1. Residues in the stretch 197-208: is at least one in the same structural domain as residue 126 (by TED's automatic domain parsing), over 21 Å from residue 132 (Cβ atoms) and at pLDDT below 90?
2. Would you call residue 166 within 16 Å of residue 206 (Cα to Cα), in the same structural domain as residue 6 (by TED's automatic domain parsing) and assigned to a loop (DSSP other than H, G, I, E, B)?
3. Six or more apart or on different chains, Cβ atoms under 6 Å: show the pairs whose first residue is in the stretch 145-156 and in the same structural domain as residue 172 (by TED's automatic domain parsing) and whose second is surrounded by 19 or more Cβ atoms within 10 Å (Cβ to Cβ) and part of a loop (DSSP other than H, G, I, E, B).
4. Going by the structure shown, is residue 32 in a helix (DSSP H, G or I) and modelled with pLDDT under 95?
5. With the structure loaded, tell me whether residue 53 is surrounded by fewer than 13 Cβ atoms within 10 Å (Cβ to Cβ) and more than 30 Å from residue 203 (Cβ to Cβ) or whether it fails that test.
6. Say we look at the stretch 138-161 and pick out the residues that are out of contact with any helix residue (DSSP H, G or I) (no Cβ under 7 Å at 6 or more places or on another chain) and assigned to a loop (DSSP other than H, G, I, E, B); which of these is nearest to residue 13 (Cα to Cα)?
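The values are calculated or read from the model by the stated rules, or taken from the named source; none is laboratory data. Everything numeric here is computed off the predicted structure, so don't read it as measured data. As a convention, Cβ positions derive from the backbone with ideal geometry for all residues, glycine included, and neighbour counts pool all protein chains shown.
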């Protein structure tokens with residue numbers, strides 16, 4: 001069981017917290033990680049694109065010229081795919097791109113990615129991340145105080161959705177705010193994913209969010 005230092009918003013130490021071995025000992029499984037990221041990306045696709053075939057475009061009911069004695073190749077309609085404004089050959093139609101991945105494999109991928117970030121020293125635990133009023137400067141000052149002011153991409157993990165905190169971070173282009181996983185349905189904000197962990201160069205985790213991660217995923 002590993003111990004991590006807990007910081008206050010001003011960067012001062014607030015003690016240490018023990019991290020479950022289920023998290024720290026989770027190994028990275030490349031196949032599961034790849035499948036989890038591919039499934040997440042595919043499930044974000046709307047699949048609403050639709051192109052028109054030659055039977056759906058407007059016009060072209062009349063033969064452009066007679067069949068023989070013109071010296072040209074025979075043509076039946078000016079809405080054939082090789083004509084300008086013609087229909088598309090093999091037109092793309094709406095479809096469902098969703099991919100399924102079982103819960104255990106997805107959880108293993110997330111824990112593996114989180115464990116890799118912990119091992120690399122990219123995770124910072126903060127005692128309290130909530131702000132009283134939505135203010136971007138407060139968020140910037142806190143990131144600088146805990147040593148993440150120059151980080152290229154920061155993932156902030158909260159225990160639950162907090163509108164004031166979200167508004168404080170949302171104007172920072174290099175910061176993504178996510179929540180810890182929950183067992184309840186209909187959560188207002190989506191929990192962090194494998195892709196979020198892989199893209200982040202530094203991860204800021206609220207102490208109560210870490211507790212929640214252990215309760216829900218580290219079983």
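1. no
2. no
3. 153/200; 154/148; 155/200
4. In short, yes.
5. No, not satisfied.
6. The qualifying residue nearest to residue 13 (Cα to Cα) is 146.
Conditions tested, residue by residue: (1) crowded, with 16+ Cβ neighbours inside 10 Å; (2) out of contact with any helix residue (DSSP H, G or I) (no Cβ under 8 Å at 6 or more places or on another chain).
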position	(1), (2)
122	yes, yes
130	no, no
135	no, no
168	yes, no
174	no, yes
202	yes, yes
